[in-house]
1. Looking only at region 128-173, count how many residues are aromatic (Phe, Trp, Tyr), open to solvent by 40 Å² or more (accessible area, probe 1.4 Å), modelled with pLDDT of 95 or more and more than 27 Å from Pro199 (Cα to Cα).
2. For the structure I just gave you, tell me whether Tyr227 is of a type in the set (Ser, Thr, Tyr), open to solvent by 20 Å² or more (accessible area, probe 1.4 Å), modelled with pLDDT of 95 or more and under 16 Å from the mean Cα position of the chain (by Cα).
3. Limited to region 181-204, what total is found for residues that are open to solvent by 50 Å² or more (accessible area, probe 1.4 Å) and either modelled with pLDDT under 95 or outside any helix (DSSP H, G or I) (or both)?
4. Of the numbered conditions (1) surrounded by fewer than 19 Cβ atoms within 10 Å (Cβ to Cβ); (2) within 17 Å of Thr39 (Cβ to Cβ); (3) within 19 Å of the chain's Cα centre (by Cα); (4) of a type outside the set (Lys, Arg), Pro247 satisfies every one except a single condition; which is it?
5. In this structure, does Val288 turn out to be touching a residue at least 60 places away in the same chain (Cβ under 8 Å), open to solvent by 20 Å² or more (accessible area, probe 1.4 Å), of a type in the set (Val, Ile, Thr) and under 18 Å from Gly65 (Cβ atoms)?
6. Suppose we filter Ala131, Ala192, Ala152 for residues that are closer than 18 Å to Ile246 by Cβ and hydrophobic (A, V, I, L, M, F, W, C); which single one remains?
7. Within region 107-126, is there a residue that is within 28 Å of Gly264 (Cα to Cα), of a type in the set (Asp, Glu) and surrounded by fewer than 21 Cβ atoms within 10 Å (Cβ to Cβ)?
Amino acid sequence: MEMQFSCSFPSFLLIIIAFMGNFSEATTGHGGVHGGIATYWGQNIREGRLTAACATRKFQIVNIGFLSTFGNGQLPQVNLTRHCSPIRNGCWNVSTGILNCQNDGVKVMLSLGGPDGNYSLSSAAEAVGLADYIWNNFLHGHSTSPRPFGYAPLDGVDFRIERGEFSPYYTLLARRLHDYGRQSGRTVYLTAAPRCRFPDNYLVESLYTGLFDYIWVRFFDDRQCQYSSGHPSGFRWSWKRWIHSIPTRKFYVGIPASEEAGEGYVAPAVLMREVLPFVKRSASYGGVMLFDLSNDVQTNYSSLISGRV
């Protein structure tokens, strides 16, 4: 019996395109994909100066963390632990580090939230007010009062929301920051650090908008999805869920830079042998996020994987 095919030529072409896309994703991990390293700076004096970190040429993106006070009528406030205090002695010296990093080709972001602090967004007015404050005090706007880091404009904003209740207003915050950049002709990068268990309680609605350029998923402090050599399926399932659900330019694997930095530490040799060959199969793979620079200074993790990411 002769077989009958009812598939039209346009439909057949779509099948071929989809097949080639899947083939590309499955083959990009064979040594042809190179990513970058992102990290966080600002929470420990032992990490050293921002300028020195960027001068190593190991990092693609550095998140300054954290803007950890906002909402509930509070004046937004940066906490850089023992580096400096915007209230007591000012953080204008950070401006030099920002400019030096940018001159070295490193993007520098302001990270919102973090594991500690007192922050929330409970209304559209609070989201708009926070976006205006960030634009005028950390990005390309102008403030009537001294800017916390001096004039040096940052490259964008990182969302690392780990506390409080779910709020739909983080989406409004992201959209207003994006619109500020578009209307001014300036690029405002948006990044995020959701937890690895999908979906993230705080950010998933915002991430679905496609406004975020880079997402470093925190594959630590959650046994369900952090990497384990004995049981890698949880990590692999989570990675696939993220890259196939959320529209973004690049995904990064977020891991602790030392065993002290969080549960889910992956030794550099294991990362290169077991984790990277898997994630590099994804066309949206962007690199590795190490948390944080102070831990990286102690372990030299970034040097051990530099050039292999």
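1. First pass over region 128-173, keeping only residues aromatic (Phe, Trp, Tyr): 133, 135, 138, 149, 151, 159, 166, 169-170.
This time we only want the ones that are open to solvent by 40 Å² or more (accessible area, probe 1.4 Å), so: 133, 151, 166, 169.
When the remaining residues are screened for being modelled with pLDDT of 95 or more, the result is 133, 169.
The next check asks that each one be more than 27 Å from Pro199 (Cα to Cα); those that pass are 133.
The total comes to 1.
2. Criteria not met by Tyr227.
3. Filtering region 181-204 for residues open to solvent by 50 Å² or more (accessible area, probe 1.4 Å) gives 182-187, 195, 197, 199, 201.
Adding the requirement that they be either modelled with pLDDT under 95 or outside any helix (DSSP H, G or I) (or both) leaves 185-187, 195, 197, 199, 201.
Qualifying residue count, region 181-204: 7.
4. (2)
5. On the way: touching a residue at least 60 places away in the same chain (Cβ under 8 Å): yes; open to solvent by 20 Å² or more (accessible area, probe 1.4 Å): no; of a type in the set (Val, Ile, Thr): yes; under 18 Å from Gly65 (Cβ atoms): yes.
Criteria not met by Val288.
6. Ala192
7. Restricting attention to region 107-126, the residues satisfying the condition of being within 28 Å of Gly264 (Cα to Cα) are 107-120.
Right, trim to of a type in the set (Asp, Glu) and you get 116.
Within this subset, residues satisfying the condition of being surrounded by fewer than 21 Cβ atoms within 10 Å (Cβ to Cβ) are 116.
So far as region 107-126 goes, yes, one or more of its residues are within 28 Å of Gly264 (Cα to Cα), of a type in the set (Asp, Glu) and surrounded by fewer than 21 Cβ atoms within 10 Å (Cβ to Cβ).
The values are calculated or read from the model by the stated rules, or taken from the named source; none is laboratory data. Just so it is clear, the model here is predicted, and its values are computed rather than measured. Here Cβ is always computed from backbone atoms with ideal geometry, including for glycine, and neighbour counts include all displayed protein chains. Heavy atoms of the whole protein, side chains included, go into the accessibility calculation; ligands, DNA and RNA do not. Shrake-Rupley method; radii C 1.70, N 1.55, O 1.52, S 1.80 Å.
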